[in-house]
Every structure is written in structure tokens, then in C-alpha cells.
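Below is one structure, written out as C-alpha cells; the observations come after it.
The values are calculated or read from the model by the stated rules, or taken from the named source; none is laboratory data. These numbers come from a predicted model, not from an experiment. No Cβ is skipped: glycine too gets one built from the backbone with ideal geometry, and neighbour counts run over all protein chains shown. Note: accessible area is taken over every heavy atom of the protein model, side chains too, but ligands, DNA and RNA are not part of it. Shrake-Rupley method; radii C 1.70, N 1.55, O 1.52, S 1.80 Å.
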Amino acid sequence: MLAAALIAGRAQALSAETTVPFTFVDNRMMIECKINGAGPLMMVVDTGSPDVVVDSGAAKVLNLHVRSNGTASGAGNKQAQAGATMLDSLAIGPQLFTGVSASVLDLSEIRTKLGFVHLDGIVGYSIMKRFAVLVDADADTLTFLNAAPSVPAAASSTPFTGVIPVVPATIDGIATSVIIDTGDRSSLTLFGPFAKSHGFYGRYPSQSNIVTGYGLGGPVYGDVFTLPSMDIFSEHVKAVVTRASRQTGGVFTSSQQGGSVGEGVLKRFNIVYDYPNKRIIAWPNKNFDLTDRFVPPPKS
């Protein structure tokens, strides 16, 4: 959930199927896109964003007409000013979308604090909702499909709810639900109410109340420790580096879910986000047994 935006995007898909490469930057999937024919622009693929977001600096360079659209909440404590615009086109490889509603947000703090060379925007639900989106972390490719592909027999299928996918999980033996968020740089974020009610502050040796990242609205504080295990997508994942949120505002103060599963866990799987059928199909990949480590944000 790199940024949470306010307006639902509208997009029209013109071609049937597209595969593009992605690169991990700060544990986020980055792809090249074009807006109104200009680019390439580097954008995060973010299942935690309801729509397309364009960075305010990029919007100026692209000469987009931006109107004020109130405020937006993200992982930081503060509200952020939001704008809205209409893109004539958004291209991901040969896949072209026209008449795309987008939010305009200042992503400069995230870019500079976390060491992105370029961070021009976010591709969210309003683009992905029509597709079965295959993230092949073995091949570092992202494929937009009209129907779910053939998958290994051992793959699990997990129904999800919501625009931002919510699935069941078991965290240290506690059954809950979690957000699936490719925009979250961490492996697992425990939301404040869940962490407090289940006694996670001080349960394991931790780095207490440190800056764990930056999101829309500022720095993200939390206690960082290694959780012995969690269960998700019918798999038992061991030694998960976890942050228990210390935020006083923003999305990590939600009491509706136990937390957010980010790319530190998600990149251990090849995943099909089958939006039309509201399910996630997942199976372990080459990264599944890699040792999880906390990577602090670069010092500014």
C-alpha cells in the first residue's frame, strides 16, 4: 500500500494478453509504462492501491490537467493532499488503456527516502481488475491474462474479498485476515489494534519503535522482530521478519484486519491475482526458503 488513493479508475483494455518484465526496487515490483505516449515511466504494481496514481512531479512534466480532490491516507500518520486527472492513455507494453481516471499524489518523500531512482506512479486495482494477473517471480515477469493460466497441481486457490485483496491467515497460531499488498516493502505488518490485543509488543526480541519505511503521509514506525511462523496460501512460512505498527494515524491503525502481507512474503510465491473470480492462486517458487532479513530504510 504505497499510497491509498480516492477515485476508482476507469480503463479500457484493447489487447488480449501482455507479458512485461519487472524489477524489484526496495522490495516493490516496478514496471515501465507510458502515459499519453510519453515514457518510459517507472511505476509500482500495487495490489494495495485502488486505482492508478501519478506522482505530482511527473504530472507537471506530462502537463496533465490536475484538479484538487481532497486528501488521501496511506501508511504514514498524516493526511496528504490529493489531486485527480484523466489520462488519455496508459500503456503497459502493447497493452493500451484509454480514458483512465487517476489520482495525483506527491510521492517525492517515498522516492528520496527509500532510494528510488525513479518513482513516477502506481498501477492499481482499476487496471488489474479485468485480468488474471500472473506474477512469475522465477522469471521476473508480469502477465495480464483474460483467464487464469495452467498452474502446478500443488498450487492453492484462496478466495479473497475487497478491492484490495483480503484473505485468511494464521499469525503465530492466531487466525485472522490480512491484506495482500505488493506495495508493502515489509514481509508482514501487524496493525496496531491486532498487535496490542494479542500482546505482540515485547513478545519477541525486537528493535522498538524504529523507522521501518516511508509511505504516503510520512515515516512508518514499528517494532521489528522475527515471527516464528505464519500460514498463508495453504503454506507454512517460517521465520518471518515482522513489524508491529506504532503508527497513530493512517491505514496501519485499522482494526478490520490483523495486518498486511507485503513483498517480503509474497515474492516467495508465484501468484495469479485472478480478479474476475476473486481468488489468489499461489505456489512456492525458488525464493520460498530464503532467509528473511529486515532492510532498514537508507539514512537520509
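Using a 1.4 Å probe over the heavy atoms of the protein chains, calculate the carbon and sulfur portion of the accessible area of the chain as a whole percent.
Whole-percent figure for carbon plus sulfur exposure: 52.
For segment 29-88, what is the relative contact order in percent, using Cα pairs closer than 8 Å and at least 6 residues apart in sequence?
Numbers: 62 pairs, mean separation 15.4, N = 60.
About 26 percent, as a whole number.
Just to verify a number: FRET efficiency for His236 and Asn287, C-beta to C-beta distance, R0 = 22 Å, to 0.05?
Numbers: r = 16 Å, r/R0 = 0.71.
Efficiency, rounded to the nearest 0.05: 0.90.
Just the number please: accessible area per residue for segment 34-127, 1.4 Å probe, all protein chains included, in Å². Here the per-residue accessible area is 38 Å². Label sites at Ser254 and Ser108, each approximated as a point 7 angstrom past Cα along Cα to Cβ, lie 2.9 nm apart. Whole-Hz Karplus values for segment 267-274 come out as 6, 7, 10, 8, 9, 10, 8, 8 Hz, taken residue by residue from phi with 6.51 cos²θ - 1.76 cosθ + 1.60 and θ = phi - 60°; glycine and proline positions read x.
Under 5 Å from the amide H of Asn69 lie the amide H atoms of Ala82, Gly83, Ala84, each residue being 5 or more positions distant or on a separate chain, with H modelled from the backbone and absent for Pro and chain starts.
Rounded to whole numbers, the Karplus 3J(HN,Hα) couplings from phi for segment 201-207 are 6, x, 5, 10, x, 8, 8 Hz, using 6.51 cos²θ - 1.76 cosθ + 1.60 with θ = phi - 60°, and x at Gly and Pro.
Relative to one another, the C-alpha centroids of segment 246-300 and segment 201-234 are positioned 12 Å apart.
For segment 136-216, rounded, prolate or oblate, judged on the Cα gyration tensor with a ≥ b ≥ c (square roots of eigenvalues), a/c < 1.5 rounded, else prolate if a/b > b/c? Because a/c hits 1.5 or more and a/b exceeds b/c, segment 136-216 counts as prolate.
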